[in-house]
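All remarks here apply to the structure that follows.
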């Protein structure tokens with residue numbers, strides 16, 4: 001069954017707007033750099049992220065889940 005929707009991670013744009021590197025985010029939150037880069041690179045289609053990771057990122061960046069992710073309708 002094809003998915004009607006796609007989840008897009010906006011982390012790259014948010015980090016650029018806040019002048020924060022993925023490395024700094026990883027160091028300051030204690031989250032794995034590889035996981036952060038997966039999100040930055042948008043490789044999240046089959047990924048599973050723990051709620052603690054998402055809460056850590058959102059809290060650190062002072063953003064909501066709605067800002068971190070966008071849901072789009074596939075053509």
Please identify the pairs in which a residue from the stretch 51-73 that is at negative phi and in a helix (DSSP H, G or I) has its Cβ atom under 7 Å from the Cβ atom of a residue that is exposed (fewer than 10 other Cβ atoms within 10 Å of the Cβ) and modelled with pLDDT of 95 or more, counting only partners at least 6 apart or on another chain. 58/64
Just need a number here: residues in the stretch 27-44 that are without any contact (Cβ under 8 Å) to a residue 12 or more places away in the chain, out of contact with any helix residue (DSSP H, G or I) (no Cβ under 6 Å at 6 or more places or on another chain) and surrounded by fewer than 16 Cβ atoms within 10 Å (Cβ to Cβ). 4
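The values are calculated or read from the model by the stated rules, or taken from the named source; none is laboratory data. The model shown is predicted, which means the values in this text are computed figures rather than measured ones. Using ideal geometry, Cβ is built from the backbone for each residue, glycine included, and neighbour counts are taken over all protein chains shown.
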